[in-house]
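First the structure, in the form of structure tokens, and then the observations on it.
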Amino acid sequence: MSYSVYYQARVQKELCWFVTSTVRFCEHVAFDRTIDKEESIFEFFVAPDLEEAFLDIAYKLLKKGVFLDFKKMPNRLIDSNIV
């Protein structure tokens, strides 16, 4: 069994709509949601076999300054006692 790969990004507040529309345009690559509205921090749950496609999108957003910070993290929804 494989779980989603987990990323977080801090996004320019005025471009949050752009991030959501970009990720949703690329169907089934990632599920996104805002985890901290005040800080404009998004979380992304990425299909493991589509991580490369997601990273291509993410690095372009980082290069354009849409993402202010971007990092891969442990999937916060996985209980290490269950796995």
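Things to note:
- Using alpha-carbon coordinates, inclination of helix 51-63 to the longest axis of the chain, degrees: 30 degrees
- For LEU68, distant residues with modelled amide H under 5 Å away: ARG10, VAL11, GLN12
- Residue-averaged 222 nm ellipticity for the chain, from DSSP H runs of 4+ at -39500 (n - 2.57), nearest 500: -8500 deg cm²/dmol
- For segment 25-31, 3J(HN,Hα) per residue [Karplus equation, 6.51 cos²θ - 1.76 cosθ + 1.60, θ = phi - 60°, Hz, x = Gly/Pro]: 5, 8, 3, 6, 7, 7, 9
- Computed from backbone phi with θ = phi - 60° and the Karplus coefficients 6.51, -1.76 and 1.60, the 3J(HN,Hα) list for segment 13-21 is 3, 6, 10, 4, 4, 5, 4, 4, 5 Hz; x is used for glycine and proline.
- Across the chain, C-alpha contacts under 8 Å between residues 6 or more apart give a mean separation that, scaled by the residue count, equals a relative contact order of 42 percent.
- Sequentially through segment 38-49, phi angles give Karplus couplings (6.51, -1.76, 1.60; θ = phi - 60°) of 4, 9, 6, 9, 9, 10, 10, 9, 10, 4, x, 6 Hz, Gly and Pro residues having no value and appearing as x.
- Length-normalised contact order of segment 10-49 in % [C-alpha pairs under 8 Å, at least 6 apart]: 38 percent
- Among the trypsin sites (Lys or Arg not before Pro) in segment 35-64, those placed in a DSSP loop whose Cβ has at most 16 other Cβ atoms within 10 Å are LYS37, LYS64.
- Overall, the anisotropy analysis places segment 32-83 in the oblate class: the square-rooted eigenvalues a ≥ b ≥ c of its C-alpha gyration tensor yield a/c not less than 1.5, with a/b not exceeding b/c.
- Accessible solvent surface per residue of the chain, calculated while the other protein chains remain in place, 1.4 angstrom probe, Å²: 69 Å²
The values are calculated or read from the model by the stated rules, or taken from the named source; none is laboratory data. Here the structure is a predicted model, which is why all the values come from computation and not from measurement. FYI the Cβ positions are ideal-geometry reconstructions off the backbone, even for glycines, and counts take in every protein chain you see. The area values use the complete protein model at the heavy-atom level, side chains included, leaving out ligands, DNA and RNA. Shrake-Rupley method; radii C 1.70, N 1.55, O 1.52, S 1.80 Å.
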